[in-house]
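Have a look at the structure below, then the notes.
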Amino acid sequence: MSDSWSCAAGAFLRALLDAVFPNLCPLCRGAAEDGFGCARHRLIFDAQKGPGGARCGRCSCTLPEPIPAGTLCASCRLHGSTPPIRALFDYHCDRASREWILAFKHRARPDLKEPLGEALARRFLALEEEPGRAVLLGLPAHPLRRFERGYDQARLLAESVGKSAGVRSVPALRRTRWTYPQGAPGSRSREANVRGAFRLVERYRSAVADARVWLIDDVVVSGASAQACREALRGVPLQSFTVLALARADRRRPGRLTGAGSGAEMNG
Ligand SMILES: [Zn+2]
Ligand SMILES: [Zn+2]
């Protein structure tokens, strides 16, 4: 059986099961109360507060105790060029959400964009005071990863968040050149690796101009890719530019990223 046939058959079976048994866990097809998973895979989140713990007021990285929440981390104080980053989950601590994200990215489950997009839309609506002026941009996947997967997960996620929240999403960014997989042996610093790697698609300039721009991604590790996307829009006047990710991962805990398939910035 060819891969495309088994993939299509799997999608058909999932759609059939959804029609007959509407409350199944999207991840394992076990019984569930709603679309956010069974007891084992339950997506537990706080749309108002985002991931738990004391976090940097700008980049949402975890702050060491006893630093109070909202304080700027050393990186944001010293460099200050990272755009504001908001997230729904902590990649290291929220085990169930990590399983969802890995299935969405690496196990041919683009259909998970819908529950994940709905959850992220709740966070977006809790953060954005003027959704009518917002526009969502998916952070473009690495071309090699998009080729392997057959889809660009951040773009699917941006479309799904847009659908749930009633906000426009536009594919306004492109990768312009090859970059090393982030964190690969021999790769340059994250910042040097992605600098100049994105550009604005000109026909979307007017859709982005004067908008409140939200860059949508699955996992943010360093924010270097997000910063490179912000630089790609430098010639366009924006009301604001904020990154919104399913999960925030921490550079200081790299060991827990490996084996988990790594964050978006590690391999797009
Ligand atoms: Zn489940
Ligand atoms: Zn910070």
Q. Which aspartates and glutamates have a Cα lying under 19 Å from the Cα of Lys105, excluding residues fewer than 8 positions away in the same chain?
A. Asp3, Asp90, Asp94, Glu114, Glu118, Glu148, Asp152, Glu159, Asp217, Asp218, Asp250, Glu265
Q | Chain lengthening between Arg205 and Ala47 when straightened (0.36 nm per residue, less Cα-Cα) | A | 53.8 nm
**Q.** Distance in nm between pseudo-label sites at His79 and Cys93 (7 Å out along the Cβ direction from Cα)
**A.** 2.4 nm
Q: Please work out the C-alpha center-to-center distance from segment 107-178 to segment 205-243 and express it in whole Å.
A: 13 Å
Q) Rounded, prolate or oblate: which one fits segment 92-161, using the alpha carbon gyration tensor with axes a ≥ b ≥ c (rounded when a/c is under 1.5, else prolate when a/b beats b/c, else oblate)? A) oblate
Q: Run the quick spin-label model on Ala54 and Ala8: label points 7 Å from Cα toward the beta carbon, then report their separation in nm to one decimal.
A: 5.6 nm
Q: Set the Förster distance to 45 Å, then compute FRET efficiency between Glu65 and Arg174 from the Cβ-Cβ distance, nearest 0.05.
A: 0.60
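A short reminder: the numbers here are calculations on the coordinates, not readings from a lab. Remember, predicted model here, so these are calculated numbers, not experimental data. Counting neighbours? That spans all protein chains shown, and the Cβs are built from the backbone with ideal geometry, glycine included.
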